[in-house]
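No value in this document is a laboratory result; all are computed from the given coordinates. Because the structure is a prediction, the values reported are computed rather than measured. Cβ placement follows ideal geometry from the backbone for every residue including glycine, while neighbour counts extend to all protein chains displayed.
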Amino acid sequence: MSSEGLIFEALFVLALILINGFFSSAEIAIISAKRSIIDKLSKDGNLSASVVLQMKEDPDKFLATVQVGVTVVSTLASVLGGIIASERIKPIIQSIPFLPIQDASEIIAIGLVVAIISYVSLVIGELVPKTLAIRYAERIAVFSARPLNFISRMTNAFVKLLTASTSAVLKVLGIKDTGQKVFVSEEEIKYFIREGRASGVFEETEAQLLHGVFEFADKTVKEVMVPKHKISAIEIDTSSEEALKFISDTGFSRYPVYRDSIDRIVGVLYNKDVFNALEKGRKLDVKSIIRTPYFVPNSIMISKLLRELQRRKVHMAVVVDEHGDLDGLVTIEDILEELVGEIEDEYDVGAGGLVEKLRDGTMIVDASASIGDLENIGIVITDEEEEYNTLAGFMLAKLQRIPRGGEFVIYKDMRLTIVDVEQNRIIKVKIEPLDAQGQKKAKA
């Protein structure tokens, strides 16, 4: 009789865990179900689909029902587990002819029952139902909607009592009830995304982008900015020749301008303003063409800063610390890269766009390639008498003028020809190997 009673009670606990699984799967399925599919089923006359739509319109009610159901079922399972431990398992353990075990029989019985119920509850009552609910959301939502709606009606009075009790406790604690409910946590959404990626619903890029949204919302400017020691800046009294050389060597589109020291940023210099001045035949004067800098604290969230940069129609902000001292620099590109990953523009040198090798041995090289990048591919253009950091800087140093397409430089056993110029900036250079007579080498 004792054995039969234990089996019956164990089956009853299992039934409670399965009911918990029903609530778990129903919750996830109804939230995850695609509205377009459910709407089509509803229009085709599926009454359960219509109930799902109602629940999606007012999730507060059905989620409260789910919470009540899960709580009641879990409580019953715990109580029944305690009864099984004390009345069924404990006597069995006490029958073991070993005094220490007999003395600890109650603790062992409770621990054993808790471990078994917890394991089965996690697997059958949570993980499996939620996984199935994500993969077959619409099917499970339609299946569970009407039973859940019936339970919701049955527990409506109790749910209202719970809501009123919650509001009363919050009032006593001096906390205002805003009425806003969080139906799904951030961690649950991340879980949905991971499961969606595993099941093929999302591409890898889509999943990374969705995860990036959560990371994006939590980051401050200090986490994404270019730190002070890495800033490429121009001194306000820099001569036009030095400014042009610096711009060509570094290859950025905007530069902070400082007076006396990097800590005193007084403006921002745009490449296009420099080239516009040169095209009009004016002498380059950094002071006359700099723009007003936009300063931001290093504690500002990047989501807020992005909106502010868009509103002000500026691409760069100077970051300062709590004392007002320079801390770094941030651009719209830096912010967007937190969402979509590394962005390569025309000034970035990457392995994919640095060199194009032609069949005849000629190479088309990005002019913003650094001297180190060139050495890595076997092109050495160092000259101790001149200072430059990029291929563009080398060409300017040799030509000593604003470059034009087609101009070339003979250096050692190479002919370097400018093949692409944009707004006075060298974009591409063709490098041809020459023989001892200065003729282009024929490829063997």
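Most simply put, the stretch 221-340 has about 75% antiparallel DSSP beta bridges, counting only bridges with both residues inside it.
For the residue pairs Lys357/Lys398; Lys280/Lys313; Lys283/Lys430, the alpha carbons lie more than 27 Å apart in Lys283/Lys430.
To test your reading of the geometry: what angle, between 0 and 90 degrees and rounded to tens, separates the Cα axis of helix 186-198 from the longest principal axis of the chain? Its long axis makes an angle of about 80 degrees. Length gained on full extension, Val128 to Met154: 6.6 nm, using 0.36 nm per residue less the C-alpha separation. For the stretch 355-433, compute Rh as the Kirkwood radius over C-alpha pairs and then the Stokes-Einstein diffusion coefficient at 37 °C and 0.692 mPa s; write the answer in µm²/s, rounded to an integer. Here the translational diffusion coefficient equals 263 µm²/s. All Cα-Cα distances of the chain, cut into 10 Å bins from zero to the largest, leave 4, 14, 16, 15, 13, 11, 11, 9, 5, 2, 0 percent in each bin in turn.
Which residues does the label zone of Tyr270 cover in the stretch 220-241, counting backbone N under 20 Å from a point 7 Å along Cα→Cβ? Counting only backbone N, you get 232-236. Largest GNM mean-square fluctuation among Lys228, Lys160, Lys56, using the chain with Cα springs under 10 Å: Lys160. For the chain, modelled as a GNM whose springs connect Cα atoms under 10 angstrom apart, the maximal fluctuation among Ala217, Ala397, Ala115 occurs at Ala115. Of the three principal axes defined by the Cα atoms of the stretch 2-172, the extents in descending order read 68, 43, 23 Å. Taking the longest Cα principal axis of the chain as reference, the axis of helix 59-83 is set at about 50 degrees.
Relative to the longest principal axis of the Cα atoms of the chain, the long axis of helix 204-217 lies at roughly 90 degrees. Each label was represented as a point 7 Å from its Cα along the Cα-to-Cβ direction; for Val79 and Ile402 these points are 8.8 nm apart. How big is D for the stretch 221-340, in µm² s⁻¹ as a whole number, if Stokes-Einstein is applied with the Kirkwood radius of its Cα pairs at 25 °C and 0.890 mPa s? Once the numbers are plugged in, D ends up at 165 µm²/s.
Above 20 Å, the calculated P(r) of the stretch 185-271 contains 56 percent of its Cα-Cα pairs. Estimated from helices alone, the mean residue ellipticity of the chain at 222 nm is -16500 deg cm²/dmol (sum of -39500 (n - 2.57) over DSSP H runs with n ≥ 4, per residue).
Here the contact order of the chain, divided by its residue count and restricted to Cα pairs under 8 Å and six or more residues apart, works out to 11 percent.
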